[in-house]
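> Dropping a structure here in structure tokens format, bear with me for questions.
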Amino acid sequence: MKQVQELPLTENCHHWRKISEVPWDLQKYWQQRHTIFSYYNEGIYMTHDAWYGVTPEPVANQIAHDLSLIISEDKTTIIDVFAGVGANSIAFALSGRWERVIAVEKDAATLACAQHNASIYGVANSISWILGDNFEYLDALNSSDSSSLEPDLQVNIKSTVVFGSPPWGGPGYRTDEVFDLSTMEPYNLTKMHESYRMMDHALYLPRTSDLRQIAHLAPEGSKIEVVQYCVEGASKAMVAYLLAEKGAEVEEEKNSNA
Ligand SMILES: C[S@@+](CC[C@H](N)C(=O)[O-])C[C@H]1O[C@@H](n2cnc3c(N)ncnc32)[C@H](O)[C@@H]1O
């Protein structure tokens, strides 16, 4: 896990101009390219898989706006833990709300696309880029010896928020009437919540996700906000806004004194 400057685009990174260049399974997504990234024609790069999971720009901007309202002002850092090709990180940086935006992505080609795309939007230098596994990173931040992390990877978790748009484990989410978040692959809701619970965290989930499973995560007596995000009249996804668990700060205090 390391902070990286400009990674090179690879043969897995594409900017397709004509439909004849686009594999058949991606053509319907490519038709929506200008909704996904309004600057697509300026030279946006994508990997094959990124077309399935990228957050469309209007949704990314609305989430960035909503986070500004929902999250308290003393939170100054946001970590986009599944950065993909950068749509959410770019929106967070453009919002001007955060002192620090950190983008974590485990696939080098995908992260190279994100850095390139952020440069098209003029915000590549406003984002810290980490190549690696976000669970390892969060484990290190949550542990008592987070000082073992490189100085440029350290953050104060009391003033940090996590945003996560994980893979949704294949197309099953489209057909299931109610999507079971306990079977989501490769990371289920419990795994993510366990890792991020010390901080306020917002999770970008399939639109039919089981609300009862999300409700189980509500700290006693508190409410959870869940918002459906729509493009052209159809919901694309929901975001569950979850506050840090009560007592997490105490736990963190204990860890840092240990
Ligand atoms: C649904 S996509 C994210 C899309 C992103 N919001 C965007 O707009 O481009 C999920 C991304 O998470 C990455 N990923 C999967 N597991 C990860 C992990 N453990 N740590 C960091 N990144 C991971 C995948 O490589 C993929 O690019």
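The values are calculated or read from the model by the stated rules, or taken from the named source; none is laboratory data. Quantities reported herein were computed from a predicted structural model and do not represent experimental measurements. Ideal geometry is used to build each Cβ from the backbone, glycine not excepted, and the neighbour counts take in all protein chains shown. Surface accessibility is based on the protein's heavy atoms, side chains included, excluding ligands, DNA and RNA. Shrake-Rupley method; radii C 1.70, N 1.55, O 1.52, S 1.80 Å.
> How far, in degrees from 0 to 90, does helix 57-70 lean away from the longest principal axis of the Cα atoms of the chain, to the nearest 10?
Long axis of 57-70 versus the principal axis of the chain: about 20 degrees.
> While we're here: Which GluC sites (Glu not before Pro) in the stretch 49-158 pass both tests, a DSSP loop state and at most 16 other beta-carbon atoms within 10 Å? Walk me through the numbers before you get to the answer.
Numbers: sites: E73, E99, E105, E136; in loops: E73, E99.
Answer by residue number: E73, E99.
> Mind giving me the nanometre distance, one decimal, between the label points for R207 and S148, set 7 Å out from Cα along Cα→Cβ?
Each label point is offset 7 Å from its Cα along the Cβ direction, giving 4.4 nm.
> Between A215 and H34, what is the label-to-label distance in nm when each label sits 7 Å out along the Cα-to-Cβ direction?
For the pair A215/H34, the computed spacing is 4.3 nm.
> So which of K2/K28; K28/K158; K2/K158; K75/K223 end up more than 31 Å apart by C-alpha?
Values: K2/K28 35 Å; K28/K158 42 Å; K2/K158 22 Å; K75/K223 19 Å.
The pairs that break the limit, which is 31 Å between Cα atoms, are K2/K28; K28/K158.
> On a 0 to 90° scale, report how tilted helix 248-257 is relative to the longest principal axis of the chain, with both axes built from alpha carbons and the result rounded to the nearest 10.
The angle comes out near 70 degrees.
> Consider just the alpha-carbon atoms of the chain and return their Rg together with their Dmax, both in angstrom.
Computed over the Cα atoms of the chain, radius of gyration and Dmax are 17.9, 60 Å.
> Please report how far the C-alpha centroid of the stretch 52-79 lies from that of the stretch 88-158, rounded to the nearest whole angstrom.
With the stretch 52-79 and the stretch 88-158 each reduced to a Cα centre, they are spaced 14 Å.
> Another one. With charges set only on the Cβ (+1 for Lys and Arg, -1 for Asp and Glu), what does the dipole of the stretch 1-114 come to about its Cα centre, in debye to the nearest 20?
The dipole of the stretch 1-114 has a size of about 140 debye.
> Please give the per residue volume of the convex hull enclosing the alpha carbon atoms of the stretch 85-185, rounded to a whole number of Å³.
Hull volume over Cα atoms, normalised by residue count, gives 140 Å³.
> How far apart, in nanometres, would the label points at L69 and K158 be if each is projected 7 angstrom from Cα along the Cα-to-Cβ direction?
2.9
> Per residue, how much accessible area does the chain have with a 1.4 Å probe, in Å²?
With all protein chains present, the chain gives 49 Å² per residue.
> Please find, in a Gaussian network model of the chain (springs between Cα atoms separated by less than 10 Å), the residue of K18, K75, K106 whose mean-square fluctuation is greatest.
Judging by the Gaussian network model, the answer is K18.
> Continuing with the same structure: From the residues V123, W30, V226, which one has its Cα farthest along the dipole of the chain in the positive direction, the dipole being from +1 and -1 charges on Cβ of Lys/Arg and Asp/Glu about the Cα centre?
Positive-most Cα among the choices belongs to W30.
> Identify the GluC sites (Glu not before Pro) of the stretch 1-37 meeting these criteria: DSSP loop state and at most 13 other C-beta atoms within 10 Å of the C-beta.
Answer by residue number: E6, E11.
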